[in-house]
Amino acid sequence: MGEIALGVTVFKRIEKLETLLASVDHDTISHVYVADDGEMTDRKCEVYHREYEFPLTVFDLPFDAGLGAGRNRIVEAFDEEYFLLVDSDMEVPHNVDLLREQIAQRPSVGGICGMFLENDRFYTPCSDLFVESNTVVKDIRERKRIESVAGAPFVEFDFVANAALFRRECLEAYAWDPEYVIGREHIDFYFGHYRETDWRFGLCPEVQFPHHPGGTQTYEAHRFDADKYDEAERYFLDKWNLDGFVSNKTTWVDTHDPVYGRKPPFSLLDKARMKYRTGGLGHLLFEGLKYVVK
């Protein structure tokens, strides 16, 4: 088809990248770009030099250059009409081309994501953005409208998941900031569009990306380094002259339930929170859910 480039950043988890590359359908994906900012091991070299049914371009970046630098390097290089962003711990769904069909029918939409599919759940971190008292708030506060686009459901959001297909023009208007190593690069991308462009974003829940999170202790230490997150937080607030950022961690699956009388959304976690306030069985339900629904 020759229209979609796939881009992914890699630090240490080469075994997960192997699974991702094995899932790529060359009839849908015309080129794969990898930005590697980890150590160039023998295992990585072997994977990168294999024969694939699609062109593979690998950028060897400085160690721990970060997600922003890796994604930005790929954006500078690809010349396809569309760009599919994934993380290395995902697989490409068989129906990923549905995202291209939907975005082609919505000229105002710059990117459409899919759901994450794991062993025991499917979910999406999609939300809307608000600015209140000079603080960015990521939340869902009203019932979302589910439309039909290209014969599949489509829901518009300000902020969507990492597994998403973008128009080239959208990324030319605002892409990922190379200053971010880990943390806040994602909210920066969508807040940049919220503040500076007219591009819209959305979700197609019919497209579900298999997701295999986790890694070695060394990987986890880099991935969840508190100092890096603190630095990213300060950079984000200073860059946009903000006082704060609040993320109300809503996992969107369903946003309305008429049984409950307060203002939607009503995700499963929202219902548990309501019961939590009254004690009893709801208290136990919430304590369990808060470790499952991130």
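The values are calculated or read from the model by the stated rules, or taken from the named source; none is laboratory data. Just so it is clear, the structure is predicted and the values come from calculations on it, not from any experiment. We place every Cβ from the backbone using ideal geometry, glycine too, and count neighbours over all the protein chains shown.
Numbers for the structure displayed
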read-out: Residue that is surrounded by the fewest Cβ atoms within 10 Å (Cβ to Cβ), among those in the range 97-135 that are out of contact with any Phe, Trp or Tyr (no Cβ under 8 Å at 6 or more places or on another chain) and over 21 Å from residue 199 (Cα atoms); value: 120
read-out: Verdict on residue 18 being surrounded by fewer than 20 Cβ atoms within 10 Å (Cβ to Cβ) and in a helix (DSSP H, G or I); value: yes
read-out: Per-region count, the range 241-251, residues modelled with pLDDT of 95 or more and more than 10 Å from residue 136 (Cα to Cα); value: 1
read-out: Unmet requirement for residue 53, which otherwise passes all of (1) charged (D, E, K, R); (2) out of contact with any Gly (no Cβ under 8 Å at 6 or more places or on another chain); (3) in a helix (DSSP H, G or I); value: (3)
read-out: Pair list, Cβ under 8 Å, 6 or more apart: the range 140-161 residue not assigned by TED's automatic domain parsing to the domain that holds residue 189 and β-branched (Val, Ile, Thr), other residue at pLDDT below 95 and in a strand (DSSP E or B); value: none
